[in-house]
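Trainee: After the structure tokens below, expect a handful of questions from me.
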Amino acid sequence: MSTGENLKEAFAGESQANRKYLAFAKKADQDGYPQVAKLFRAAAEAETVHAHAHLRVMGGAGKTEANLQAAIDGEGYEFQQMYPKFLAEAEAEGNQAAVFSFKHALAVEEIHHGLYTEALDAVKAGKDLPETKILVCAVCGNTVKGQAPQKCPVCGAAKEQFKDVV
């Protein structure tokens, strides 16, 4: 493999480790091990440092306009191609937990696509997005601007499940 391929693989691995360790930390907290949870969160942060370093070396974070276009392309691929295929396979296999997970991700990736498109239009006009709250549903990841809906339109979760992103 080339160094470029190694950087991509390292970035993917470090990124996945970050997410996995954060999930492990949440579970350790639930299981009553706050210091173990803290260790997992610390390691997750370290993995983020590594991932960002690899991405920086790859030149993976460019100007905001290019980054938004990359995000639009990625989200478009996910909701138009990747998740429909994954969903069909999960349905064919009768894996209802995967169907549930893929359906939510598909719907939310389409929402992200729209939000990023709106942001790109603003940046191309030389503007930032208007200041507003951005909230994420802790159940499905639905992302909304302004106020949380009474009930999540993607998964049906209550308003209280939406977390404000700062």
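Trainee: For the range 7-29, what are the residues that are free of Cβ contacts under 8 Å to residues at least 12 places away in the same chain and either polar (S, T, N, Q) or outside any helix (DSSP H, G or I) (or both)?
Mentor: Residue satisfying the conditions is Gln16 alone.
Trainee: Further, regarding this structure: Of all the residues that make up the range 30-41, how many are among the aliphatic types (A, V, I, L, M) and either out of contact with any helix residue (DSSP H, G or I) (no Cβ under 9 Å at 6 or more places or on another chain) or in contact (Cβ under 8 Å) with a residue 40 or more places away in the chain (or both)?
Mentor: 0
Trainee: Further, regarding this structure: Does the range 41-54 contain at least one residue that is in the same structural domain as Phe11 (by TED's automatic domain parsing), of a type in the set (S, T, N, Q), surrounded by 14 or more Cβ atoms within 10 Å (Cβ to Cβ) and part of a helix (DSSP H, G or I)?
Mentor: The answer is yes, given that some residue of the range 41-54 is in the same structural domain as Phe11 (by TED's automatic domain parsing), of a type in the set (S, T, N, Q), surrounded by 14 or more Cβ atoms within 10 Å (Cβ to Cβ) and part of a helix (DSSP H, G or I).
Trainee: If I filter the range 77-99 down to residues being crowded, with 17+ Cβ neighbours inside 10 Å and of a type outside the set (A, V, I, L, M), which single residue comes out as nearest to Gly4 (Cα to Cα)?
Mentor: Glu78
Trainee: Could you list all residues from the range 114-166 that are surrounded by 12 or more Cβ atoms within 10 Å (Cβ to Cβ), among the charged types (D, E, K, R) and in contact with an Asp or Glu (Cβ under 7 Å, 6 or more places away or on another chain)?
Mentor: Correct list: Lys133 only.
Trainee: In addition: Just checking, which of Gly4, Gly32 is surrounded by fewer than 16 Cβ atoms within 10 Å (Cβ to Cβ), out of contact with any strand residue (DSSP E or B) (no Cβ under 6 Å at 6 or more places or on another chain) and either at pLDDT below 95 or in a helix (DSSP H, G or I) (or both)?
Mentor: Of the residues listed, the single one that is surrounded by fewer than 16 Cβ atoms within 10 Å (Cβ to Cβ), out of contact with any strand residue (DSSP E or B) (no Cβ under 6 Å at 6 or more places or on another chain) and either at pLDDT below 95 or in a helix (DSSP H, G or I) (or both) is Gly4.
Trainee: Quick check, is His104 surrounded by 12 or more Cβ atoms within 10 Å (Cβ to Cβ) and either in contact with a strand residue (DSSP E or B) (Cβ under 7 Å, 6 or more places away or on another chain) or under 29 Å from Gly126 (Cα atoms) (or both)?
Mentor: Answer is no for this residue.
Trainee: Would you confirm whether any residue within the range 12-22 is closer than 11 Å to His54 by Cα and touching a helix residue (DSSP H, G or I) at 6+ places or on another chain (Cβ under 7 Å)?
Mentor: Yes, some residue in the range 12-22 is closer than 11 Å to His54 by Cα and touching a helix residue (DSSP H, G or I) at 6+ places or on another chain (Cβ under 7 Å).
Trainee: Quick check: anything in the range 62-76 over 25 Å from Gln16 (Cα atoms), surrounded by 16 or more Cβ atoms within 10 Å (Cβ to Cβ) and not hydrophobic (A, V, I, L, M, F, W, C)?
Mentor: no
The values are calculated or read from the model by the stated rules, or taken from the named source; none is laboratory data. What you are looking at is a predicted structure, and each value in this text was computed from that prediction instead of being measured. Heads up, the Cβs are rebuilt from the backbone with ideal geometry, glycines too, and the neighbour counts pull from every protein chain shown.
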